[in-house]
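**Student:** Before we start, here is the structure in question, set down as structure tokens.
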4 protein chains.
Amino acid sequence: MNIAILGTGFIARFYADALQSQRRKDVVRVAYSRNEARAKKFADDYHLPYYFTDINEAVSHPETDVVVIALPNNLHEEAVLACVKAKKHVLCTKPLGRTAAEAKRMLEAVENAGVFGGYLEDLCYTPKFLKSCESIRAGSIGRILWAKSRETHPGPHSEWFWDKAQSGGGAIIDLGCHCVEISRNFIGKNTRPIEVMCWADTQVHPIEAEDHAIGLVKYADGAIGQFEVSWAFRGGMDLRDEVMGTEGTIWLNGFLRTGFEMFSTGKGGYVAEKSETDSGWLFPVGDEVHDLGYSNMFTDMFDAIEANRQPRESFYDGYIVNCILDAAYLSVKTRAWEPVKIDDWRGNDIAATTSHFINYDNEHYLIKEEILPDGKKILILKHQQTGEVTRKQS
Amino acid sequence: MNIAILGTGFIARFYADALQSQRRKDVVRVAYSRNEARAKKFADDYHLPYYFTDINEAVSHPETDVVVIALPNNLHEEAVLACVKAKKHVLCTKPLGRTAAEAKRMLEAVENAGVFGGYLEDLCYTPKFLKSCESIRAGSIGRILWAKSRETHPGPHSEWFWDKAQSGGGAIIDLGCHCVEISRNFIGKNTRPIEVMCWADTQVHPIEAEDHAIGLVKYADGAIGQFEVSWAFRGGMDLRDEVMGTEGTIWLNGFLRTGFEMFSTGKGGYVAEKSETDSGWLFPVGDEVHDLGYSNMFTDMFDAIEANRQPRESFYDGYIVNCILDAAYLSVKTRAWEPVKIDDWRGNDIAATTSHFINYDNEHYLIKEEILPDGKKILILKHQQTGEVTRKQS
Amino acid sequence: MNIAILGTGFIARFYADALQSQRRKDVVRVAYSRNEARAKKFADDYHLPYYFTDINEAVSHPETDVVVIALPNNLHEEAVLACVKAKKHVLCTKPLGRTAAEAKRMLEAVENAGVFGGYLEDLCYTPKFLKSCESIRAGSIGRILWAKSRETHPGPHSEWFWDKAQSGGGAIIDLGCHCVEISRNFIGKNTRPIEVMCWADTQVHPIEAEDHAIGLVKYADGAIGQFEVSWAFRGGMDLRDEVMGTEGTIWLNGFLRTGFEMFSTGKGGYVAEKSETDSGWLFPVGDEVHDLGYSNMFTDMFDAIEANRQPRESFYDGYIVNCILDAAYLSVKTRAWEPVKIDDWRGNDIAATTSHFINYDNEHYLIKEEILPDGKKILILKHQQTGEVTRKQS
Amino acid sequence: MNIAILGTGFIARFYADALQSQRRKDVVRVAYSRNEARAKKFADDYHLPYYFTDINEAVSHPETDVVVIALPNNLHEEAVLACVKAKKHVLCTKPLGRTAAEAKRMLEAVENAGVFGGYLEDLCYTPKFLKSCESIRAGSIGRILWAKSRETHPGPHSEWFWDKAQSGGGAIIDLGCHCVEISRNFIGKNTRPIEVMCWADTQVHPIEAEDHAIGLVKYADGAIGQFEVSWAFRGGMDLRDEVMGTEGTIWLNGFLRTGFEMFSTGKGGYVAEKSETDSGWLFPVGDEVHDLGYSNMFTDMFDAIEANRQPRESFYDGYIVNCILDAAYLSVKTRAWEPVKIDDWRGNDIAATTSHFINYDNEHYLIKEEILPDGKKILILKHQQTGEVTRKQS
């Protein structure tokens, strides 16, 4: 397939690098930027035959089969509408919208037009993440109780992120969108997110938006999603997920501790991205394009278009993420749990958690089995009527 | 000094092990249990000359200089009062009380009697923790923004923990007391804890109390303490602290990843405490008594008694922890931020965070310095009046 | 390009998986096995249009542009000669030969025929390894002093490995070929390997060949390569490299500690390859095909064929590895350092290490600068004539 | 007991710190240095009542019960003889001698005099090491195949180390003595070390002695000890042990990766010992005195004196280490395996490894059980007469 990329910044380059790696058969042909010099430079750097400063020309070009949107948040909707108008498939970077309302309009636009709407949520395509999800679905860690995702770093590099009007917010909209969708995948996408409690503050940077936030998302089955996001972290980019299940635990480290450790006096210059330093102990990532999920993401997107199926991450997922983030922002203001408002819920509507208690006999629940240091096993039991807790030799 | 230990369970044995290790000059002489057989066995195991089933006999014994309370939570107050009556120094296990009211009565009792009141918060004495605090005080990571402490495991071994009447609660009172005091040390004990937001649930075990909770504690200088506690974690005992400061980060792992890794087919039997298994990959701790802080804790306590000074962790600290936990439990019910009520605040009363913004020139704040891949440095600036965000070549 | 794969075992499947991933434009079309059922199954599994049990038919098929040899060690030479006869490009799995003599014949065959000879040394293409080499070339860790590579696991899965006649040896030929080439890349391929000292033993398995070996390879510039290989390791597949340079250190972990950690009670079945267990703490790899280097390896090979250039790993490299391994096997027997015999050396012929000593002044070398705990700096010096060691305040 | 410390340098301070920590009942009373100012300063710093510049005065002082030798290597023998003359118990730092001959004279002197001879091998007393040894003795990892110990750093701080006449050698004698004794403990002290192969070179520093060495020590039961030592490592002090057994693996990290990780911009000054830097990612150790084994070491020594038993590490162990290191130095010169000459062997004299092969049936050995990805189990067998390797469905 032939691809047009809208935007020429940091993320556009990541996308182009991914698309041009490993002898892929799909080809980037068209670049677009509002700024001609940047459009030209991007086309030159990646050897693309065409570049434009008119978005409609780029999108409607005969060699454009699929459009990749890599623009600031405030320009997503306009770009999606241009694709819809030209009846081209569209893959949009994260977050889909700045608000759920914006995201919903984009979702409806692609669905009404019958074009493909892929949500470029790369961190839901990292190799570790995909294998974790598969393993969780196979039952390896049991029922999910808690799924935390953390993304923190010292702050973005492009100025538009810091301007709330363009970005729609701070660390929550920028990084929280990743974390929310990661937790949602772990817990199960058919499980409804019910309510959100969020703390946020502007602790360090002179900006309107938040540079640090922590949020809890409660799901219909009692599971808890947690996001930890910051633009005030020192030490590089901290990218970690943790999941607790009734039968196990998963810990993923996506960036700072991946088995690549290096000490340097600094004579070699740049060695590790976002590391804040080129000397001392450094922790590079082997292959960012692959390890951050870009390769698997585009493979899924193009495979899905060809197979006429939904991708793992669709515009609908982007919309749900925005619904959750809207609730988070509201909770920061009201300082209370806020319901997640989803006008168009397509998953299950299961009720609150049913009892998972284990009966020991007709009268007792089993609280815990314990092996004592001397090898003996004891049981801690609770009487179902009286509530009395007792110990029993096993 | 001569020591009496009240209680003969798991924690009493940890205390006795610590006190009898490394050729210490202070000597345990007296044991007490409500159960005579247990009292006798404890005295035999540790070669103690005296044991009692009457708490007043144990406390008032002429060879008792200092009393160590290692009893269930609901028996702390009675034991403290017995010590006060006998005018003996008292060291009480954590949590001090089940509620702030209970803790306050104990605090006032020791202060009025003029006896020493040490709070046995071992995790605030681990070697890693002490060195971290010292380094933070020296400025190594700047102003503290966030201090998280996590303690999770599959649940306690003694039945009284599971009975809310005796314990006063679940994972929050049992584990949260550690985490709250750890965060408080990182942030600074003179900084007032203002309010708490807490989620808790009973996700797995058939009990009245919570078996999983996550709480945020906001401090007067804008710093956030976070606790993550659970009795539903699988994989051993997860003991980790993370601190973010404006100039750095600290990550401490207290148990599962300390540089001791072992694979075994299981032929050797027991090798790692709380590991849930004796085969596969195991992560033992080298020396629990020392690494969990017991050695340094008792050294500080006896040094403090001799020097007639306060220990690092006193009854007052135990009381503050209970004030914070009271707010956490209330927040679980009200589903909102709850103020921390401290009748007797002895720290600073600083106002909310003052501005930490960095001026770039008379008109602009500096948002961020960025080094581009080509080595050029750019500055992202914000106009102080208009709020406009701009980029500038450095 | 169209590809024929010779062999249908474990490694052939890895190759096919890599070649069919990520929407690559090069296509596997032809399968070959000595066993028809296996050839058919392989073709079915990977949707290949052709399969053969006659190697010449497979190689000379009109839709075969490039041949991938994935056969047991004793069949490499015959397969290479078949490719040469058919004038097809050939990519051969590791080790190239069982001996240097065998490897040299294959090298000469492809060179005389003018076909491409790629050496499928996947572990020299892992993302971490490529980034490390790049960084070392940029000077990040200075002059290389020591480069160790370790590959150990509980032993191979196919029976032919255990039969010395087919394999040519044990852990040295099977795993040492990786480690030797990894060290050689770190130290520099133009630097001549001079001599080898190797210990090997059959410690566990009832076989003729060695199941554990440790070897040292001395290079012309004084650097030392080290390999640690075993078929008797318990705990999975241990894949680690360590490099010491005058200005830094690199540690790579390729398998067991890559930031993916999982505890499971085992309810989900299989979760981690070669882990020896499905319960307890497990350490899966996110994407073996990519993380073990297969993706980058094939990309380099096909790019090199198109660009008519040498790949990073060529038949010549395979030949040099065999020369080093021949010396290692001889050293095991003679129990002494054995010279590496290379009839066809194409790199530099630099002399032994020249002096790297640092002059402090006309009379003294600088041994070391030391910063004392009080912040003072001292210098440790050595007199160039007398050899006297002295300390000097800096 | 009352203690005299001979020497006032780096290691003497470590010893004094350990002896004065944790309210120990044994007391340092006497200091000795050849230099009066240093003796006085040491006595002042540690509040000791007596200090001397005459070794015999220090040793024979009435308040000296036990002498701790913390002097350069070339002064050990003289100091031991002074203790023997005064009939005082003696604890000597590592290495015991510069050669086996020197060590043997010291061993015989204490044994003939009937005084206690403790060998201060702290790294054989670290909490992780002690727990590992205990677990290995219980069978957790089966029969030991290989035990490697590594100690590398950028070089010692005191000038006498760099002068071969005083130190007796370079990294081998300084660091190898630790590593050899660590491996020996893992493998079993009653198992005879047979022969040594060692490479050494002076790669970086302008000294006569070696600054980098790697050695293999073969034991009578077929196990291999390995030491890796260097004064040319960059990145701090790398202290790691690895053990392979037939049933498992142990990995210990003693310094750089112990679960204490810190990023700092450097505003706080000194935070981690031997880290080469105060900014970037730092890896401090919680409590060096305890974690490096000093606490347990002195506890064992004084307990042993009181109980009139041998300590874990005695002068005899120091002598065996010197025998092994003598063979290592000889091997560096002869470039071949050299026998370990032990005039006074007190362990077992077991013959070479007996067969450990597992019989599958009367005709076959079992090479390996393999679980295939489809869950089927296969067996790889070897015919005991023909040597043929076959596969069998299990």
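The values are calculated or read from the model by the stated rules, or taken from the named source; none is laboratory data. Quick caveat: nothing in here was measured; it's all calculated off a predicted structure. In this analysis, Cβ positions are derived from the backbone assuming ideal geometry, glycine residues included, and neighbour counts consider all displayed protein chains. Quick note on the areas: whole protein, heavy atoms, side chains included, nothing else; ligands and nucleic acids left out. Shrake-Rupley method; radii C 1.70, N 1.55, O 1.52, S 1.80 Å.
**Student:** Among the numbered conditions (1) under 30 Å from A:D238 (Cα atoms); (2) at pLDDT 95 or above, tell me where C:F260 comes up short.
**Tutor:** Going through (1) under 30 Å from A:D238 (Cα atoms); (2) at pLDDT 95 or above one by one, C:F260 breaks only (2).
**Student:** Just to be sure, is B:E306 at pLDDT 95 or above, of a type outside the set (A, V, I, L, M) and in contact with a Cys (Cβ under 6 Å, 6 or more places away or on another chain)?
**Tutor:** So B:E306 fails the test.
**Student:** Please specify each residue of segment D:180-209 satisfying the condition of being open to solvent by less than 20 Å² (accessible area, probe 1.4 Å), within 12 Å of chain C (Cβ to nearest Cβ) and hydrophobic (A, V, I, L, M, F, W, C).
**Tutor:** D:V196, D:M197, D:C198, D:W199, D:I207, D:A209, listed by residue number.
**Student:** Which of the following residues is in contact with an Asp or Glu (Cβ under 9 Å, 6 or more places away or on another chain), surrounded by 23 or more Cβ atoms within 10 Å (Cβ to Cβ) and within 14 Å of chain B (Cβ to nearest Cβ): D:T152, D:T126?
**Tutor:** When all the criteria are applied, what remains is D:T126.
**Student:** Turning to a different aspect of this structure: Within segment D:262-298, which residues are among the β-branched types (V, I, T) and surrounded by fewer than 19 Cβ atoms within 10 Å (Cβ to Cβ)?
**Tutor:** Listed by number, the list is empty, since nothing qualifies.
**Student:** Shifting gears a bit: Pairs only if they're at least six apart or on different chains, beta carbon under 6 angstrom, first in segment C:235-259 and free of Cβ contacts under 8 Å to residues at least 60 places away in the same chain, second among the aromatic types (F, W, Y); list them, first residue then second.
**Tutor:** These pairs meet every condition: C:G235/B:F263; C:L256/C:F283.
**Student:** So, of the residues in segment B:1-55 that are among the basic types (K, R) and more than 23 Å from the chain's Cα centre (by Cα), which turns out to be nearest to D:E306 (Cα to Cα)?
**Tutor:** B:R23
**Student:** Please determine whether any residue of segment C:112-119 is within 14 Å of chain A (Cβ to nearest Cβ), in contact (Cβ under 8 Å) with a residue 24 or more places away in the chain, touching a Leu at 6+ places or on another chain (Cβ under 9 Å) and crowded, with 24+ Cβ neighbours inside 10 Å.
**Tutor:** no
**Student:** Moving on to the next point. Can you tell me which residue within segment D:15-34, out of those that are open to solvent by less than 30 Å² (accessible area, probe 1.4 Å) and more than 14 Å from chain B (Cβ to nearest Cβ), is farthest from D:D65 (Cα to Cα)?
**Tutor:** It comes out as D:S33.
**Student:** Moving on. Check C:A101, C:A109, C:A37 and return the single one that is open to solvent by less than 20 Å² (accessible area, probe 1.4 Å), in a helix (DSSP H, G or I) and of a type outside the set (F, W, Y).
**Tutor:** Sole residue among the options that is open to solvent by less than 20 Å² (accessible area, probe 1.4 Å), in a helix (DSSP H, G or I) and of a type outside the set (F, W, Y): C:A109.
**Student:** Among (1) away from chain C (no Cβ under 14 Å); (2) open to solvent by 10 Å² or more (accessible area, probe 1.4 Å), there is one condition A:R137 misses while meeting the rest; what is its number?
**Tutor:** The failed condition is (1).
**Student:** Here's another thing I want to ask about it. Condition test on D:E261, is it over 26 Å from D:H89 (Cβ atoms) and in a loop (DSSP other than H, G, I, E, B)?
**Tutor:** no
**Student:** Still on this model: Would you tally the residues in segment C:335-373 being more than 30 Å from C:V217 (Cα to Cα), in a loop (DSSP other than H, G, I, E, B) and open to solvent by less than 70 Å² (accessible area, probe 1.4 Å)?
**Tutor:** Total meeting the criteria: 2.
**Student:** Every residue in segment B:191-220 that is of a type in the set (D, E, K, R) and at pLDDT 95 or above, please.
**Tutor:** Of everything in segment B:191-220, those that are of a type in the set (D, E, K, R) and at pLDDT 95 or above turn out to be B:R192, B:E195, B:D201, B:E210, B:D211, B:K218.
**Student:** Residues of segment B:131-154 being in a strand (DSSP E or B) and out of contact with any Leu (no Cβ under 9 Å at 6 or more places or on another chain), which ones?
**Tutor:** Result: B:I144, B:L145, B:W146, B:A147, B:K148.
Yes or no, residue by residue, for (1) more than 30 Å from B:F260 (Cβ to Cβ); (2) within 14 Å of another protein chain (Cβ to nearest Cβ):
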{"site": "D:A43", "(1), (2)": "yes, no"}
{"site": "D:H47", "(1), (2)": "yes, no"}
{"site": "D:D54", "(1), (2)": "yes, no"}
{"site": "D:T64", "(1), (2)": "yes, no"}
{"site": "D:V67", "(1), (2)": "yes, no"}
{"site": "D:C92", "(1), (2)": "no, no"}
{"site": "D:W146", "(1), (2)": "no, yes"}
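**Student:** Does any residue of segment B:158-179 turn out to be open to solvent by less than 10 Å² (accessible area, probe 1.4 Å), out of contact with any Gly (no Cβ under 6 Å at 6 or more places or on another chain) and within 14 Å of chain C (Cβ to nearest Cβ)?
**Tutor:** No, the conditions are met nowhere in segment B:158-179.
**Student:** Take segment C:71-87 and flag every residue that is in a loop (DSSP other than H, G, I, E, B), touching a residue at least 40 places away in the same chain (Cβ under 8 Å) and surrounded by fewer than 23 Cβ atoms within 10 Å (Cβ to Cβ).
**Tutor:** C:P72
**Student:** In segment B:374-381, is there at least one residue being open to solvent by 20 Å² or more (accessible area, probe 1.4 Å), more than 30 Å from B:A209 (Cβ to Cβ) and touching a helix residue (DSSP H, G or I) at 6+ places or on another chain (Cβ under 8 Å)?
**Tutor:** Within segment B:374-381, not a single residue is open to solvent by 20 Å² or more (accessible area, probe 1.4 Å), more than 30 Å from B:A209 (Cβ to Cβ) and touching a helix residue (DSSP H, G or I) at 6+ places or on another chain (Cβ under 8 Å).
**Student:** Shifting gears a bit: Starting from residues that are of a type in the set (S, T, N, Q) and open to solvent by 10 Å² or more (accessible area, probe 1.4 Å), keep the ones in segment C:210-261 and report whichever is farthest from the other protein chains (Cβ to nearest Cβ).
**Tutor:** Per the stated criteria, the residue is C:T246.
**Student:** Looking for whichever is out of contact with any Pro (no Cβ under 6 Å at 6 or more places or on another chain) and either farther than 28 Å from C:A171 by Cα or within 12 Å of another protein chain (Cβ to nearest Cβ) (or both) here; the options are C:Y316, C:Y360, C:Y365, C:Y329. Which one fits?
**Tutor:** C:Y360
**Student:** Given the structure, is A:G176 under 25 Å from A:G235 (Cβ atoms) and either more than 19 Å from the chain's Cα centre (by Cα) or in a loop (DSSP other than H, G, I, E, B) (or both)?
**Tutor:** Criteria not met by A:G176.
**Student:** Which of the residues that make up segment A:54-67 are open to solvent by 70 Å² or more (accessible area, probe 1.4 Å) and part of a loop (DSSP other than H, G, I, E, B)?
**Tutor:** The one that is open to solvent by 70 Å² or more (accessible area, probe 1.4 Å) and part of a loop (DSSP other than H, G, I, E, B): A:P62.
**Student:** Further, regarding this structure: Among the numbered criteria (1) in a loop (DSSP other than H, G, I, E, B); (2) open to solvent by 30 Å² or more (accessible area, probe 1.4 Å); (3) hydroxyl-bearing (S, T, Y), which one does C:Y329 miss?
**Tutor:** Going through (1) in a loop (DSSP other than H, G, I, E, B); (2) open to solvent by 30 Å² or more (accessible area, probe 1.4 Å); (3) hydroxyl-bearing (S, T, Y) one by one, C:Y329 breaks only (1).
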